[in-house]
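> Have a look at this one before I ask anything.
The values are calculated or read from the model by the stated rules, or taken from the named source; none is laboratory data. Everything numeric in this text was worked out from a predicted model, so none of it was measured. Using ideal geometry, Cβ is built from the backbone for each residue, glycine included, and neighbour counts are taken over all protein chains shown.
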Amino acid sequence: MNGDGREEIVIAARDMHEGRQCSWIYWGGTDGFSADRRTPLPTDRASDVAVGCLGPECGREAVVIAQDRSEVSFSVDSVVYEFGEDGQFSEPVGLPTYRPVQRPWRA
């Protein structure tokens, strides 16, 4: 994702970091992955993650993290983090997403 040729791992999580929930990017290194080389991505009730190019002219990959719900709604924005040429993430952009309300199964 940052152009260094190494693989990264992105994990949708609900960990607390500096007083708020976050997910993580673990940066690949010559000796594998380590908590020393990870970056928090602010998220709220993260439930899934996808990494890929968005748009027709993809230069760098983006991380899209689905968020489960808010205090009052199941329709909440997913957050999109895009990499810039400097290897840093942009401010997150909201992507409207909708989760159907789960109903109990009946025979």
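> So is VAL63 closer than 16 Å to GLU7 by Cα, assigned to a strand (DSSP E or B) and free of Cβ contacts under 8 Å to residues at least 60 places away in the same chain or not?
Values: closer than 16 Å to GLU7 by Cα: yes; assigned to a strand (DSSP E or B): yes; free of Cβ contacts under 8 Å to residues at least 60 places away in the same chain: no.
The answer is no for VAL63.
> Which residues, taken from segment 66-107, are farther than 18 Å from ALA13 by Cβ, modelled with pLDDT of 85 or more and not in a strand (DSSP E or B)?
GLU91
> Could you say whether any residue in segment 64-80 is out of contact with any Pro (no Cβ under 8 Å at 6 or more places or on another chain), exposed (fewer than 14 other Cβ atoms within 10 Å of the Cβ), of a type outside the set (Lys, Arg) and farther than 22 Å from THR97 by Cβ?
no
> Name the strands (runs of 3 or more DSSP E) wholly within segment 1-58 that hold at least 3 residues that are surrounded by fewer than 16 Cβ atoms within 10 Å (Cβ to Cβ) and of a type in the set (Val, Ile, Thr)?
Hits in segment 1-58: none.
> While we're on this one: Could you list all residues from segment 1-41 that are more than 19 Å from VAL80 (Cβ to Cβ) and of a type in the set (A, V, I, L, M, F, W, C)?
Hits for segment 1-41 are MET16, TRP27, PHE33, ALA35.
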